[in-house]
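Asker: Below you will find the structure I want to go over with you.
The values are calculated or read from the model by the stated rules, or taken from the named source; none is laboratory data. In this text, all values refer to a predicted model and were calculated from it rather than measured experimentally. Cβ: placed from backbone, ideal geometry, glycine included. Neighbour counts: every protein chain shown.
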C-alpha cells in the first residue's frame, strides 16, 4: 500500500505493508537510521520519534496509523530551539556512553521540555521512564535536562 | 540525513584510506609484546596526508588523524587511547580526528575490548607511539634548522627552536619526519605527567556530535549495496538441531527473498543449526517467522530447569566438594575453636547482558573475500572463528569494527558474526543479520548463577579466623563452564588464616560467558554480604571489621595491595559520613551499607543508602564510590560516567534481574521479564578517585562488584533482613 508521510519536514511516499511499524519504514525503506531498534515491544524507547511533537514508540506504530501527523526523528531535532538546546546539553555534559539509546532519550527529553520548560525531578522520572539506558547514564541525562531548563529560565 | 561517507563502505580496503601499505611506517606490537618500528614513508593521495606511523597521519595543514585500535562499546576507549597518543605527540585535540583502526594484528597488536584491559595494556604503548611521532618531528625540524635536537621543544602542533624562537608547524615537517629513522621506543623521551595538557582533562566522546544528530555509526546502521535483511531462527533449546522446516511456505511470502537451513556444529560458542529467512526489509523477514515451522531435535539440554539445578546444588552441598580451590591452615579445627560461627547459604541467578543494540552483523562476499561489518569486542577472534567455521584462510576474512551499542561482555562471543557469514556465503547475497530482542535474551552467553555454602569463624577478640566456602557452580568434569569458575584468591581469601574453598560442578549444557566484571559480579555479593554478617556477629562496625581484615598496608601475593584497599575504604567512609545514621525517608526504614571489592586491578569501596517502604519497596537514595585505578585518570569525564553506570548496573542486577530455565529454554525474552534500570530507579552516584602511585588500569568493570552487596548490606541496616539470594525478594522486606 502507498502511504504519503511527512517526515522531518519533507513529504515522502512509501509502498509498504500497512502493518509495517514506522520504525522499519524509517530505517529500512527510507534509510533514516537515527531511530533505533532495541526491543520491538515498546519497552525500551530507543525508537522514540515525535508525531506532531508527541513522543511515540515507532516500533509500535504501524505506518497506517501515522496518517497526516508530522513525523520528526533525531535527524531533525535541530529544527527547534529546544531540540538544539537538548543536543548541546548532551554534548556539554558528555552524557553518552555507548550512545545507542540517546536518540530516543533526546526525543523524549525534547518533548518533555517543550511541554514543560521547568520540569521537576518527578516530571523527569515520569517523562523518561520509558527510555532505557543500558549504560545507565541517568545521572547525566537528568542533569542535561535540568541544564536546558536552567538556560530557559535565564532566557 | 544519510551521508554516504558516514557508512562503512563495502569497498573500503582493510587499510587506511588512500594510503599505500608498502610505504608505511609501522608501529605495532611485536611478538614479544615489545614495540617495533618498521621504516617507510606513506603519503596519502590527494590529501597530502603523511603517515608517521600506523597510528598517526598528519596533513600539511597540521590536522592530525589518529587510529584507535580497540573496539568502542561505550567505555570511551575510542576517545581515550588517541588522547594518550595526542598528549605525547603534542597536538591540539581540536585538530585531531579519529578513525577506528582496521583489524590488523601486524600493525595494531592485540585488538579487543574486555577485561578492563585496554588502558592497562596500552597506556605506556600509546604514550610511546605519540612520543615517537613527536621525536621524529623534532628531528626533522633540527635538520631543517641545522641545530641540535636538544635545543628544540614543542608546543601543540609546533616545533620551536628555543634559543632563536623559530617555529615550524608539524604539517610542514611531516614529509621530512617520515623519512627519518624511527626512534628507539624503549628509550624515547616521555612527558612529565605534570605537563599533561590532554590526559587527565575531561574530553567529550569523539562520536558524540554524530550521535546527537542520529548519524548512522552503529553496526545495525550498516548498509551495503544489494543487501538483504536476515533473521536466524535457532532451536529454543541450546544446541538443538534442525530436523526439517517448511521453507517453501516461507519462501512464498511477499517480500521474502530466501529461506535456508544452516547447519552448525556442537559448540555453543560457534555456528549452531538454524533457519535463515532473507527479505527486503528486516520486519518482513522477522514477520515471516510467524509462518516458519521448524521440527527440532532438542537434544540433551531439553530437560534443564532452574528448579532442577537448585535441587542438584542443594544435594551437592551435603557432600564434600570435588575440587579444592584453596586450603590454608586447618579450617575445621579453627571453626571448632571459634568463639562464634556463622553458617549461610547464598545464591545468585543466571543473568543476561542485553546490550541495547541487538546482535547484528553485515557480511558479503567481495572479490573472493568475505567482508564483515560487526559490532564486536573481539574482531580478531571473530575473524578466526569465521575462517575456521567456513574453511577460509584468515587472510580472506576482513572484519570492519563498528561502534557497538553496548558490550558488557556479550560481544566477546561472535556467534552472530559467524551466522551472518554463513548465511551470506550460503545465499550468495550481501546479508545484514539482525537478531530480535527475544533472540538476544534467549540465546545469550549468560552470567552463570552459582550457589555458595559458607561458614565463618570469629575468635574471642572478634577477628575473622576461619572461612569455609563450598562453591557449587557449573561445568563438565572438573572444568568450569566459561566464566563459571573462581580463583582461590578472591578476597577475603589470603586474609583469613584458616581458609578452605572447594567447588562442585553441575554439568548443565547452558551457554555461559563473561558479563561485566565476570565472576566478581556474583562473588562480591556473596563474600561482601557474608563479611557484613560476620561483622555484625562480632559486634563490630562493618568498616572497622573490613579495615581489621585488611590489616597493615602490604602486598598480598603479587597483585593485591591492602594499603590501596584501606585507602578507598577510608575515603568512601568519609564521603558517605559513615558512622552517622542516615536521615530516614518519611515513613520508611533507611540504612547504609558498605562493600569493597578488588577486581580487574581496580580497588573500589562503595556505600549505598537505601530506604524501604512498608510494603518492602526499595528506593536507593544515593551511592558513594571511592576507586583506585592507579596514578592517572585518562579522561575524567568518561571515567566518572563509567563508574556511575557500572554502579547502577550492579544495582539493577540485584533489584530484579534473573534468567530462569524450563525445558532447556530461557523463560525471559524481553525487558518486561528482565528489567533494566530506568530513570525513576536511578539515584545520584558520587565518585571520587584515589590516585595512587601505580600504573593506570581500566574502569569498565571494577566499580560494579561492590554495588550489589553494598545495597544488600544497606537493606539489612534498614530492615534487619539479610538478603542471601539475588534478585532481592522485596516481599521479605515488608515491615
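Asker: For residue B:354, are the conditions met, namely being under 30 Å from residue A:16 (Cβ atoms), touching a helix residue (DSSP H, G or I) at 6+ places or on another chain (Cβ under 7 Å), away from chain A (no Cβ under 14 Å) and crowded, with 18+ Cβ neighbours inside 10 Å? It would help to see each step written out before you state the result.
Answerer: Numbers: under 30 Å from residue A:16 (Cβ atoms): yes; touching a helix residue (DSSP H, G or I) at 6+ places or on another chain (Cβ under 7 Å): yes; away from chain A (no Cβ under 14 Å): no; crowded, with 18+ Cβ neighbours inside 10 Å: yes.
When the stated conditions are applied, residue B:354 does not pass them.
Asker: In region B:349-372, what residues are more than 30 Å from residue B:306 (Cα to Cα) and touching a residue at least 40 places away in the same chain (Cβ under 8 Å)? Spell out how you get there, then give the answer.
Answerer: Residues of region B:349-372 that are more than 30 Å from residue B:306 (Cα to Cα), as a first pass: B:361-372.
Matches in region B:349-372: B:361, B:362, B:363, B:364, B:365, B:366, B:370, B:371, B:372.
Asker: Do the conditions hold for residue B:644, that is, is it within 13 Å of another protein chain (Cβ to nearest Cβ) and buried (at least 22 other Cβ atoms within 10 Å of the Cβ)? Talk me through it step by step, then tell me what you get.
Answerer: Values: within 13 Å of another protein chain (Cβ to nearest Cβ): yes; buried (at least 22 other Cβ atoms within 10 Å of the Cβ): yes.
Against the criterion (within 13 Å of another protein chain (Cβ to nearest Cβ) and buried (at least 22 other Cβ atoms within 10 Å of the Cβ)), residue B:644 qualifies.
Asker: On to the next question. Just checking, does region B:510-522 include any residue being within 28 Å of residue B:461 (Cβ to Cβ) and touching a strand residue (DSSP E or B) at 6+ places or on another chain (Cβ under 9 Å)? Working first, answer last.
Answerer: Restricting attention to region B:510-522, the residues satisfying the condition of being within 28 Å of residue B:461 (Cβ to Cβ) are none.
Within region B:510-522, not a single residue is within 28 Å of residue B:461 (Cβ to Cβ) and touching a strand residue (DSSP E or B) at 6+ places or on another chain (Cβ under 9 Å).
Asker: Before we move on, is residue A:61 in contact (Cβ under 8 Å) with a residue 60 or more places away in the chain and not assigned by TED's automatic domain parsing to the domain that holds residue A:111? Don't jump to the end; show me each part of the working.
Answerer: Values: in contact (Cβ under 8 Å) with a residue 60 or more places away in the chain: no; not assigned by TED's automatic domain parsing to the domain that holds residue A:111: yes.
So residue A:61 fails the test.
Asker: Listed residues B:278, B:260; which is closer than 18 Å to residue B:432 by Cβ and within 14 Å of another protein chain (Cβ to nearest Cβ)?
Answerer: On the way: B:260 fails: within 14 Å of another protein chain (Cβ to nearest Cβ).
Only one candidate passes the filter, namely B:278.
Asker: For the subset of region B:102-131 comprising residues that are part of a helix (DSSP H, G or I) and in contact with a strand residue (DSSP E or B) (Cβ under 7 Å, 6 or more places away or on another chain), which member is surrounded by the fewest Cβ atoms within 10 Å (Cβ to Cβ)?
Answerer: First, pick out the residues of region B:102-131 that are part of a helix (DSSP H, G or I): B:105-108, B:118-131.
Cutting the leftovers down to in contact with a strand residue (DSSP E or B) (Cβ under 7 Å, 6 or more places away or on another chain) gives us B:106-108, B:125, B:128-129.
Working: B:106: 11, B:107: 23, B:108: 22, B:125: 22, B:128: 24, B:129: 31.
Out of the qualifying residues, it is B:106.
Asker: Report whether or not residue B:573 is within 18 Å of residue B:703 (Cβ to Cβ), in contact (Cβ under 8 Å) with a residue 24 or more places away in the chain and over 21 Å from the mean Cα position of the chain (by Cα). Step through it out loud before you land on a result.
Answerer: Working: within 18 Å of residue B:703 (Cβ to Cβ): yes; in contact (Cβ under 8 Å) with a residue 24 or more places away in the chain: yes; over 21 Å from the mean Cα position of the chain (by Cα): yes.
Taking the combined requirement at face value, the residue satisfies it.
Results for (1) on the phi < 0 side of the Ramachandran plot; (2) assigned to a loop (DSSP other than H, G, I, E, B), shown as yes or no for each residue.
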site	(1), (2)
B:558	yes, yes
B:568	yes, no
B:587	no, yes
B:607	yes, no
B:623	yes, no
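Residues checked against (1) out of contact with any helix residue (DSSP H, G or I) (no Cβ under 7 Å at 6 or more places or on another chain); (2) at positive phi; (3) more than 14 Å from chain A (Cβ to nearest Cβ); (4) in contact (Cβ under 8 Å) with a residue 12 or more places away in the chain:
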residue	(1), (2), (3), (4)
B:145	yes, no, yes, yes
B:163	no, no, yes, yes
B:176	no, no, yes, yes
B:184	yes, no, yes, no
B:213	no, no, no, no
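Asker: Moving on. Look at region A:100-155 and say how many of its residues are part of a loop (DSSP other than H, G, I, E, B) and surrounded by fewer than 21 Cβ atoms within 10 Å (Cβ to Cβ).
Answerer: Just the residues of region A:100-155 that are part of a loop (DSSP other than H, G, I, E, B), to begin with: A:100-101, A:116-120, A:129-137, A:155.
From what's left, surrounded by fewer than 21 Cβ atoms within 10 Å (Cβ to Cβ): A:116-118, A:120, A:129-130, A:155.
So the answer is 7.
Asker: Report yes if residue B:377 is touching a residue at least 60 places away in the same chain (Cβ under 8 Å), out of contact with any strand residue (DSSP E or B) (no Cβ under 7 Å at 6 or more places or on another chain) and crowded, with 22+ Cβ neighbours inside 10 Å, otherwise no. So that I can check it myself, show each step before the final result.
Answerer: Working: touching a residue at least 60 places away in the same chain (Cβ under 8 Å): yes; out of contact with any strand residue (DSSP E or B) (no Cβ under 7 Å at 6 or more places or on another chain): yes; crowded, with 22+ Cβ neighbours inside 10 Å: yes.
Yes: the conditions hold for residue B:377.
Asker: Considering only residues that are within 14 Å of chain A (Cβ to nearest Cβ) and touching a helix residue (DSSP H, G or I) at 6+ places or on another chain (Cβ under 8 Å), which ones fall in region B:75-92? Let's see the steps before the verdict.
Answerer: In the first step, residues of region B:75-92 are kept if they are within 14 Å of chain A (Cβ to nearest Cβ); the result is B:75-80, B:83.
B:75, B:76, B:77, B:79, B:80, B:83 - these are the residues of region B:75-92 that are within 14 Å of chain A (Cβ to nearest Cβ) and touching a helix residue (DSSP H, G or I) at 6+ places or on another chain (Cβ under 8 Å).
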